[in-house]
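The values are calculated or read from the model by the stated rules, or taken from the named source; none is laboratory data. All values reported here derive from a predicted model rather than from experimental measurement. Every residue, glycine as well, gets a Cβ built from its backbone with ideal geometry; the counts of neighbours run over all protein chains shown.
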């Protein structure tokens, strides 16, 4: 199954539609680290992380793992762990996965630039919970929590999301 995102709408194969937020840089064919763009292309769902102190593991056909306070994600193009999970503290630039806000209470890793990662071609492209008002992301796609849970309920290993552009 492939879920499509066009503009600010995520559409399931059955036609169900959800509003979503995309990157502050819009869409990009040639994704670069720090451009804030959502990368055009089809990206497989990899794994779902969740904050066990805030939410239960979502019902999904994907592998789920709890987040820990020491979880991070390397976004330093010159680092050997680029676009990979890391344990904090970590010496290179990284994103903190255990956030104070609710955005990563449920966070899905997408298979963008990960097989293998190409330095500088973008990291940490996730599907996660949207900010109030669907404010732009740093390149991820974000949905209301209930909508994200509904999407994940129908997703299984081998499924993907296609970012189609504006």
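Some observations on this one:
- Among the residues making up the stretch 131-146, those that are touching a residue at least 12 places away in the same chain (Cβ under 8 Å) and either surrounded by fewer than 15 Cβ atoms within 10 Å (Cβ to Cβ) or in contact with a helix residue (DSSP H, G or I) (Cβ under 8 Å, 6 or more places away or on another chain) (or both) are 131, 135, 142, 143.
- Within the stretch 59-80, residues that are at positive phi reach no partner that is buried (at least 18 other Cβ atoms within 10 Å of the Cβ) with beta carbons closer than 9 Å at six or more positions or on different chains.
- Taking every residue in the stretch 15-28 that is at positive phi and outside any strand (DSSP E or B) and pairing it with any residue that is at pLDDT 95 or above and buried (at least 17 other Cβ atoms within 10 Å of the Cβ), at least 6 positions away or on another chain, the pairs with Cβ-Cβ distances below 8 Å are 26/37; 26/38.
- Strands (runs of 3 or more DSSP E) contained entirely in the stretch 112-166, each with at least 2 residues that are touching a strand residue (DSSP E or B) at 6+ places or on another chain (Cβ under 7 Å) and closer than 21 Å to residue 71 by Cα: 126-129, 141-143
- Residues that are assigned to a loop (DSSP other than H, G, I, E, B) and in contact (Cβ under 8 Å) with a residue 40 or more places away in the chain were ranked within the stretch 100-111; the one that is nearest to residue 50 (Cα to Cα) is 105.
- Those residues of the stretch 112-126 which are touching a residue at least 40 places away in the same chain (Cβ under 8 Å) and within 17 Å of residue 47 (Cβ to Cβ), in sequence order: 112, 113, 114, 123, 124, 125
- Qualifying positions in the stretch 41-61 - part of a loop (DSSP other than H, G, I, E, B) and under 14 Å from the mean Cα position of the chain (by Cα): none
- Condition met for residue 52 (touching a strand residue (DSSP E or B) at 6+ places or on another chain (Cβ under 7 Å), in contact (Cβ under 8 Å) with a residue 12 or more places away in the chain and within 17 Å of residue 127 (Cβ to Cβ)): no
- Residues located in the stretch 7-19, provided they are surrounded by 15 or more Cβ atoms within 10 Å (Cβ to Cβ) and under 16 Å from residue 42 (Cβ atoms): 10, 11, 12
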